[in-house]
Amino acid sequence: MKLRLLAAGAALLLALTASTAGAHVRYPDSGIHKIKHVIVIVQENRSFDSYFGTFPGADGIPPHVCVPDPTRGGCDRPYHNPKDRNSGGPHDHVDEVRDVAGGKMNGFVRQAEEGRTRFCRLHINSGACSLTPKNPDVMGYKTAHDIPNYWTYARHYVLQDHMFESDSSWSMPQHLFLVSGWSARCTQRGNPMSCKPAIQDPGSPPGEPQNTTGAIPDYAWTDLTYLLHKDHVSWQYFVFKGAQPDCEDNAMLCKAVGQNAKTPGIWNPLPYFDTVREDRQGENIVPFNEFLSEAKAGTLPDVSWLTPAQSVSEHPPGLVSRGQAYVTSVVNAVMRSKDWDSTAIFLTWDDWGGFYDHVKPPKVDGQGYGLRVPGLVISPYARRGYIDHQILSQDAYLKFIEDDFLHGQRLDPKTDGRPDPRPDVRENAKILGDLAADFDFRQRPRAPLILAPYPEKHRAHA
């Protein structure tokens, strides 16, 4: 009889093991693990001061700021710019260094003027030069009247006023950091140990000025989807169909280039990662409309990234109002979903876009941090009207996902099972704050806050 009971127990154990094989093991619904869905929305090219520099209680624009204007003489002060269409300035690594100017934070006007001069000299007959203001608008900022929904989210949820871009450069390396915690250039296809830090040119997609050979880049180092797939954590990367944001040469204006879920590129880098191909996870890179369908059905994945098209990106010369409307529609879709009560939405902008910011970026390693960008946390568990003053970078999104779904596993070549030569583990940087501080998991889930995508009080000034 005893032997039969032991055999029955062993059979039950085997059955339970078999039934959970291949399934993500869920944590108890407590603390950070109340979050079952993390959504990272990445917009384009705005500094913190340009959007929230006058937000009450935030580390905003200080008095008496005046940035030298070498073209017109004197200096330019920050000013309210309600125009819906902006220009900004060039924003590669050299521009970041010159904007920061050794911590004086006074190179923005010079770089914008030089960028406009270069662009108009090269495109004198294109007509596009007329879209850039004769006097740079990089010192302009928005108020609650101009971006009311963003300010409403900040007032009701969490605004982060020390969020820095991970890489002190432009969109390509920044989007690599957003999914892998590193930007690198690999000299041997399929060999992660051949990858070296690349602050500016990590190996760009065909068609870009930096890509003179037409070769398809190979990102051989380890990205977060490798760990998610290994631990059976569902993920999807949603791509808005249209023209890709930004310029292939990091300039202020450029010819439109198409993008969709099946076109790898600057804002859709995952298809170039060896791990995605080897794990056959390319099917997780999908059109944006699928996000809306999944939100409506209550079937959102554990981790989502959303990347926009130019028309809704807020990347100059795209309209701010259209970007805000797109983000609002995403947030509304989640709030109307049965997944709302278990979701954290992290909203950020990938880089500063040449716009003025007064805070000197902290130094972490040779690649970051870059300039300060807006950051918002929207969740039923987000603290109400809280301004997070922690030093953060977008590496904090990886850290939160790893703490929530991966037992705290890091993209660490010593422990993640796939060595690469990254110089540090960004999620473990001592200076990096913890996004869990933006939540109160003891509170009851807060009701949705549905906003009109185009608020009546917003008046576009194109």
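The values are calculated or read from the model by the stated rules, or taken from the named source; none is laboratory data. Here the structure is a predicted model, which means the values were calculated and not measured. Don't worry about glycine lacking a Cβ; one is built from the backbone with ideal geometry, like all the others, and counts go over all protein chains shown. Only protein heavy atoms, including side chains, enter the accessible area calculation; ligands, DNA and RNA are left aside. Shrake-Rupley method; radii C 1.70, N 1.55, O 1.52, S 1.80 Å.
Taking a 29 Å limit on the Cα-Cα distance, which of the listed pairs Lys34/Lys196; Lys142/Lys338; Lys83/Lys360; Lys34/Lys262; Lys363/Lys399 fall beyond it?
Lys34/Lys196; Lys142/Lys338; Lys34/Lys262
Can you list residues from other chains, or at least 5 along the same chain, whose modelled amide H is less than 5 Å from the amide H of Asp76?
Under 5 Å from the amide H of Asp76 lie the amide H atoms of Val67, Asp69, each far enough along the sequence or on another chain.
In whole Hz, with x marking every Gly and Pro, tabulate ³J(HN,Hα) for segment 350-359 from phi via Karplus 6.51 cos²θ - 1.76 cosθ + 1.60, θ = phi - 60°.
5, 8, 7, x, x, 6, 4, 8, 9, 9
If I stretch the segment between Leu292 and Cys75 completely, what's the gain in nm (0.36 nm per residue apart, minus their alpha carbon distance), one decimal?
Extra length available between Leu292 and Cys75 comes to 73.5 nm.
Using the per-residue mean of other Cβ atoms lying within 10 Å as a proxy for protection, in what order, highest first, do the peptides 263-275, 190-202 fall?
Answer by packing, highest mean first, reads 263-275, 190-202.
Which of the peptides 175-184, 298-307, 62-71, 106-115 is most tightly packed, and how do the rest follow, judged by the mean count of other Cβ atoms within 10 Å per residue?
Descending mean neighbour count gives 175-184, 106-115, 298-307, 62-71.
Just order 220-227, 319-326, 166-173 by mean Cβ neighbour count inside 10 Å, highest at the front, would you?
For the peptides 220-227, 319-326, 166-173, the packing ranking is 166-173, 220-227, 319-326.
In terms of solvent-accessible area of protein heavy atoms at a 1.4 angstrom probe, what is the ranking of Glu427, Glu456, highest value first?
The ranking, largest first, comes out as Glu456, Glu427.
Compute the FRET efficiency between Lys230 and His156 as 1/(1 + (r/R0)^6), taking r as their Cβ-Cβ distance and R0 = 41 Å, and round to the nearest 0.05.
0.65
So if each residue of separation counts as 0.36 nm, and I subtract the Cα-Cα distance between Lys262 and Arg383, what length gain in nm does that give?
Contour length minus Cα-Cα distance gives 39.8 nm.
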